[in-house]
Every structure is written in C-alpha cells, then in structure tokens.
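Reviewing the structure listed below.
We did not get these values from a lab; they are worked out from the coordinates using the rules stated. Since the model is a prediction, treat every value here as computed from it, not as a measurement. Neighbour counts run over all protein chains shown; Cβ positions are idealised from the backbone, glycine included.
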Amino acid sequence: MELLVGAKASLTKKITDADVRKFSEVSLDTNPLHLDEEFAKTTIFGRRIAHGMISAGLISAVLANKLPGQGSIYLSQELKFTAPVFLNDTITAEVEIVEEGTKKEKGIYRLKTTVTNQEGKVVTTGFAVAMNKG
C-alpha cells in the first residue's frame, strides 16, 4: 500500500469476555465496571463495558500491521472515547493518513483514527502520529 494522504486501512474484532479479562490482567485495571456484572448493572451503562484502551489497542494493530505497516513506530495518540464498547460488540478500527511529514520529517505521518461498533457508531476517535522509514 502506498503511504499517501487519503490512504486507509482497518481491522475488525469481536470483543469477548476473555479479551476484557486478559486486558484487565495485563493492565492491572480491575475496575468492576469491566469485570463484575452485578456492579455494572448499577452504573449508567447497565452492564459491563470493555476498557477503552482495548479499542485503542486495535488502532495500534492497524498502524503496526497495515498502515503505515510493519516496522512502524507509534509516536503519539490523541483519543476521545465517545461511546461504550459492550462485551460481544464487534469493533472496527480505521486509520487514514491525513498529513505527510515535511522533507525534513520524511516518513512521519499524521493519521485520523476512528473506531466504530457493529452499528456504525463511533466509540473512539482521535489522531495518531507514526513513523515508517521503510
């Protein structure tokens, strides 16, 4: 894939209970909103939700594997979590190159990052900066 302004790539994943529990174990984020159904019923969501950073992790996977691709270095990310991701939601992370670096910064890209659920609702949005000198 050519690394030009307007290039897009995406990945899709169903978020399972096992995903949430593994993420909790690795991140040490044991908020009962993510892990305890009875507690989650008492919240504004009414049920368990996935950690927001799971959707951000899917963005990372797109950057590393598709655009800019293998060998990329993820330099920064601005995120806004706009809606919850519930267990068994299928989310799609899409990145789009919106700006190429100057001649001095060749190989640096600014990318729009968007994660949507199976209904097309945006759950996470923001911008990333990644480097690919390949």
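Based on Cα contacts under 8 Å between residues 6+ apart, the chain shows a relative contact order of 28 percent. Classify the chain as rounded, prolate or oblate, taking a ≥ b ≥ c as the square roots of the eigenvalues of its Cα gyration tensor: rounded when a/c is under 1.5, otherwise prolate if a/b is larger than b/c and oblate if not. Judged from the Cα gyration tensor, the chain comes out prolate (a/c at least 1.5, a/b above b/c). Annotation: for a label point projected 7 angstrom from Cα along Cα→Cβ of Phe45, residues of segment 60-78 with backbone N closer than 20 Å are 60.
Derived scalar couplings between HN and Hα for segment 81-91 equal 8, 9, 7, x, 10, 8, 4, 6, 5, 10, 10 Hz in order, rounded to whole Hz, by the Karplus curve 6.51 cos²θ - 1.76 cosθ + 1.60 (θ = phi - 60°), x for Gly and Pro. Packing, as the average of other Cβ atoms within 10 Å across residues, places the peptides 80-89, 30-39 in the order 80-89, 30-39, highest first. Each of Ile108, Ile91, Ile49 was scored by other Cβ atoms within 10 Å of its Cβ. Arranged with the fewest first, they read Ile108, Ile91, Ile49. Charge tally around Lys41: other residues with Cβ under 15 Å, Lys/Arg +1 each, Asp/Glu -1 each, net -1.
Taking the fewest neighbouring Cβ atoms within 10 Å as the starting point, the ordered list for Tyr74, Tyr109 is Tyr74, Tyr109.
Taking every DSSP helix (H) stretch of at least 4 residues in the chain, weighting each as -39,500 (n - 2.57) and dividing the sum by the residue count yields a mean residue ellipticity at 222 nm of -6500 deg cm²/dmol. In this Cβ point-charge picture (+1 for Lys and Arg, -1 for Asp and Glu), segment 7-134 has a dipole of about 480 debye about its Cα centre. The order of Val129, Val62, going from fewest to most other C-beta atoms within 10 Å of their C-beta, is Val129, Val62. The residue list Thr124, Ile44, Leu87 was ranked by how far each Cα lies along the charge dipole of segment 8-131 toward its positive end, using unit charges on Cβ atoms, and Thr124 comes out on top.
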